[in-house]
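Please treat every number below as a calculation from the coordinates, not as lab data. Please read all numbers here as calculations on a predicted model, not as lab measurements. Here the Cβ is made from the backbone with ideal geometry for all residues, glycine too, and neighbour counts use every protein chain on show.
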Amino acid sequence: MKAEKTGKTRRRSWLLMFYDALLLLMVDMVFLVIGPSSFVPMTRTGTILNILLSGVCIFGARIIGGVYRQVWRYESERSYLLLMMLDFLAGVVYWVLSVLLPMPNLAFVRAVSMVSVNLLMTIGIRVVYQYMYDYQSRYSRFFNWLRPLTRILTGEYIDADMVRPGSGSDKMDRRINIAIVGAGRVGVMLADELVSNPRSYYQPRCFIDIDKEKIGRNINGIPVLSEDEVTEATFSRLQIQEIVLALPESNDASRKELYNTYKAMGRKVKVYDYPTTQNVEGGKRQMREFDIEELLFRSPRNFLEERTMEYYRGKRVLITGGGGSIGGELARQIARMKPGKLILLDVYENGVYDVQQELRIAYGQRLELRVVIASICDRALLEKVFAEEKPQVVIHAAAHKHVPLMQDSVCECVKNNVFGTANVVDMCEKYEVEKAIMVSTDKAVNPTNVMGATKRMCEMIFQSRTDSKTVFTCTRFGNVLGSNGSVIPLFKRQIASGGPITLTDKRIIRYFMTIPEASQLVLTSGSMARRGELFVLDMGEPVHILELAENMIRLSGFEPYKDIAIVETGLRPGEKLYEELLIKTEELDQTDNSMIFIERDVPLSREEIAGKLDVLRQAVATNDNAAVKTALKQVVPTYVSPKVINETAEEAEEMRHAK
């Protein structure tokens, strides 16, 4: 196969040289035979010598410059500039040699004219070839009669792939007509790529731009429309089926506005990713659907800095809850930092097994990895792990987190979250861990449910150890996209089953972040921790869950309320209409990272925490959920009824901001 392709390439190169030789011969005949110089009569011998010399100089320069190794159907102005420079040098050499050699020489002006006309005709046949190749796919029916001639002229008449099934005009007629938003460099490159690619399923019909200098003009035959011209009638006339956003530097607000505008017109909206200095490392060109995360229209943030990665490099790191959504991503992030050893502890073997296999495939023997199946409530087994591994950094991500389930399993929630955390803290102190970092949640802010109250109690336990050799710190953030039990996987399942999507209340707002963002925040804040800090993240703009549900339905190709219903089911026990702002600048201190803050929280003493734990321990011993909930309200003063929060929700700053 390789030899066959090499043979085809050589044949095309020789064919192109043959055409160029014919052109040069025609030009030489015009200048040397039909219209010879009146000042220097040209003999037959002189004519032949000049033809041979010009051919040797011009083709010698082109061969040395690699002109005939190029695929001209894809070449740009750089290739044409190279051709011009080579022919210019060849012309200079030709004229100099014609003067020095014992042969009749042309006048300088006539020699320059001969080389220039030949160059012009050489460029001309390449431009025509590119035009015919590119535009036969756009105007397939018109160019059908030219295809046999085109194949003969380009040496492609013997290519089997030119007659492959599905490559004819029937496929071109089924192309999807698109409008490209953005007639800048990226948008134009996308259009050129789609037009020139015979296998493309997309046909650019127009650009949409706000640049007045471009509006009303054509770019490579494609009209540029203004936003005012974008109407249903215009799209129907151009038979536009999809919209592609080619605006790599647009901000979140403008993307959201464009998405909503074109979705309202009943068109599928896609985005074109093109690597720039602002893109995530490893980005590649692709035209794709909007990701679910992008429906929130907030740019993912990268918190990792070199000093953060340097902190974890070479250290023994233990992650509790290492098989969960956050714990697993923490393991992936730390694995990239080349730790001395990574220990994943989890009671749920299936999740941590998947993470283990993923890391082994990715890193093999380069990563020293151990997986321990254990519960943080098992103090004896936990101590055995700490004694054997002697971790330098502990990231505590193990916890029961499902709010509705924990409302009905209060005893178990307190046992695992509160007393399990107390076990981890004690082991960190006993085995002199350098830093212990706890993963917390925005639901710990004025909690209205059992899960949030237990997480607030865990924060207080961590913060009480300010006199310890171990640095204890907590990191608090909001809802995590795509994590186990989050709203997006639920909505996906409901859409896949034909609906309806269920919302507890259509007024609900939440703050969101991605799993990598949450994990990077934990690692960054942990590396900068000095003593007992409670780190919080600027979560950005709040999101209406109703709007998220509607956009997810549209993204799946359905119409909200028509194809997929959205049903309100009523608030669940312990559920708030809104999560309170993590970032209230008057109550926070800024860190070196503009997105990470430290809450001014006065830590309790060890004795006070011990007293609170005794209250909870006595309540848990009764196995009475009501008694344990009462005890939680006693030891967590900020634990209030959701009714208190929800009754004044409409006046809350968060709800007003979301509107």
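Below, the figures for the structure above:
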| item | result |
| --- | --- |
| Calculated FRET value between ILE373 and ARG185, using beta carbons and R₀ = 51 Å, to 0.05 | 0.40 |
| Rel. contact order, % - alpha carbon contacts under 8 angstrom, at least six apart, the range 409-489 | 33 |
| Violating pairs (Cα-Cα greater than 22 angstrom) within the set LYS455/LYS629; LYS506/LYS629; LYS443/LYS633 | LYS506/LYS629 |
| Listed peptides 313-326, 560-573, 460-473 by packing density, highest first (mean Cβ within 10 Å) | 313-326, 460-473, 560-573 |
| Inter-label distance, nm, simple model (7 Å from Cα along the C-beta direction), GLU257/LYS562 | 2.6 |
| Lys/Arg +1, Asp/Glu -1 at C-beta; the range 175-290 dipole; positive extreme among TYR202, LEU245, ALA264 | TYR202 |
| Calculated FRET value between ARG360 and GLU383, using beta carbons and R₀ = 30 Å, to 0.05 | 0.65 |
| Antiparallel content of DSSP bridges confined to the range 175-290, in %, to 5 | 25 |
| Potential lengthening between ILE64 and LEU89 on full extension [0.36 nm per residue; Cα-Cα distance subtracted] | 7.8 nm |
| Additional length obtainable on full extension of the chain from ALA621 to LYS633, 0.36 nm per residue less Cα span | 2.6 nm |
| Most to least packed among 490-499, 402-411 [average Cβ atoms within 10 Å] | 402-411, 490-499 |
| Potential extension, SER605-MET26 segment - 0.36 nm per residue separation minus Cα distance | 198.6 nm |
| Point-charge dipole on Cβ atoms (K/R +1, D/E -1) for the range 361-407, about Cα centre, debye to 20 | 100 |
| Peptides 231-240, 529-538, 250-259 ordered by average Cβ neighbours within 10 Å, highest first | 529-538, 250-259, 231-240 |
| Charge tally in the Cβ shell below 12 Å around VAL224, where Lys, Arg are +1 and Asp, Glu are -1, VAL224 excluded | -1 |
| Nitroxide proxy distance, nm - points 7 Å out along Cα→Cβ at ILE48 and ARG78 | 4.4 |
